[in-house]
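The values are calculated or read from the model by the stated rules, or taken from the named source; none is laboratory data. Here the structure is a predicted model, which means the values were calculated and not measured. Don't worry about glycine lacking a Cβ; one is built from the backbone with ideal geometry, like all the others, and counts go over all protein chains shown. Each accessible area value is taken on the protein alone, full model and side chains, heavy atoms only, with ligands, DNA and RNA left out. Shrake-Rupley method; radii C 1.70, N 1.55, O 1.52, S 1.80 Å.
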Amino acid sequence: MAHGASTTPLVSVLMATHDAGGSVRRAIESIQNQTLREFELIVVDAGSTDATLRLLDSLAERDLRIQVVHADACTRQEALDLALERASGRYLAVADADGCARPGMLAELVGLAEARSLDLAIGGMGLLLEGSAGRTSELELSAEALVFPTQHDFRASAWRLFATGELLPASAKLFRLERVRELGLSFVSNVPFDHIFVIDYLRDVERVGVLDGVCYRVERLIAPFERRFARPEGYRLMEGEHAALIALYRHWGLEGDAASMEMLQSRYLERLVACVEGVCGGASGISSAEQRRTVGRIIGTAQAQLAASVAHPESNAARSMLAPIRSHNVTLVCAQARLLSLFRRGHAVWAMPDAFV
């Protein structure tokens, strides 16, 4: 018998699925098992061809808090927008078809948001990334518990949350749905991540709080992301996200803040190196001549040279590229990228974890 119906959900949880039969049951059950019971889970399936839809419909038959939308093939962001249209809670959260929330996640986020009248409550994330050779890396995107009581306090310290990778993913966060509606926000953008939605929400956010530790975990294959960075559009996606972050900091009036700008340029350089490695790696299928032409374009921009001159990247891979990029030594950059690709084959070791969520 169906149970758990709530006419006034406190939290609307959005989820997009596509051929997720191997993981979606655990993902949904982790929401069903939340200690906070007043939620609705809106799942939009983007044209699955496996058993995902049958599983979703079966779960929804037994729990009236679950609403399943059968959509045609579409992107994750388009599916999330369809779910957003149906949301009716006071707060909004995003869950992943390969994610798992700890039982107290929603209660803790809501408790923090209501106790401190927050516009945004942030939880920590854990990532289990599986490489192409079956090797895995575990990463944690989290910070210490903290509340920023004013807009100025948050903006001045946001660079630390960006640097950990905790701030940009839409998952493990609690947004105010009324504010999302007022701003007219959408998940669909020129960058196929949830990040632009979050950036737009952050633009004029007032009060922000952070939970201590990890409240949400995602297990994900890195191969699709590696292939994306190996193609020309991977570089364009990186440029688009960086431009949005620069625009955010200009809106905040912090384009002269040294710590914030160093974080942005280091973040940019890490992604640039990932793109170069993708172009020059053994699986790229690009000829050596075309690799050199592409890499020359990537590292020859004013933005790339600025990043190489001021960035202090965390990863050894990016640090090893600083000198050849600064000198615009295309041959050395390509050779170094091939060496990195050879050493890192099958390992999920990029120092850019929020690229995967």
On the basis of being touching a Cys at 6+ places or on another chain (Cβ under 8 Å) and at pLDDT below 90, does G281 make the cut? no
Close pairs from region 58-75: first within 25 Å of T8 (Cα to Cα), partner of a type in the set (F, W, Y), Cβ under 7 Å, at least 6 apart: R65/F39
Among the residues of region 88-95, are any out of contact with any His (no Cβ under 6 Å at 6 or more places or on another chain), closer than 30 Å to E314 by Cα and either in contact (Cβ under 8 Å) with a residue 60 or more places away in the chain or surrounded by fewer than 23 Cβ atoms within 10 Å (Cβ to Cβ) (or both)? yes
Answer yes if at least one residue in region 66-76 is at pLDDT below 95 and under 28 Å from V110 (Cα atoms), and no otherwise. yes
Contact list please: Cβ distance under 6 Å, first residue in region 153-169 and polar (S, T, N, Q), second residue buried (at least 21 other Cβ atoms within 10 Å of the Cβ), pairs at least six apart or on different chains. T164/L141
Of the residues in region 97-116, those that are touching a Ser or Thr at 6+ places or on another chain (Cβ under 7 Å) and either under 18 Å from E38 (Cα atoms) or crowded, with 23+ Cβ neighbours inside 10 Å (or both) number 6
Hits in region 117-127 (condition: surrounded by 15 or more Cβ atoms within 10 Å (Cβ to Cβ) and either in a loop (DSSP other than H, G, I, E, B) or touching a Ser or Thr at 6+ places or on another chain (Cβ under 7 Å) (or both)): L118, D119, G124, M125
So which of A302, A317, A308, A323 ends up being open to solvent by 50 Å² or more (accessible area, probe 1.4 Å) and either under 21 Å from S260 (Cβ atoms) or within 28 Å of the chain's Cα centre (by Cα) (or both)? A302
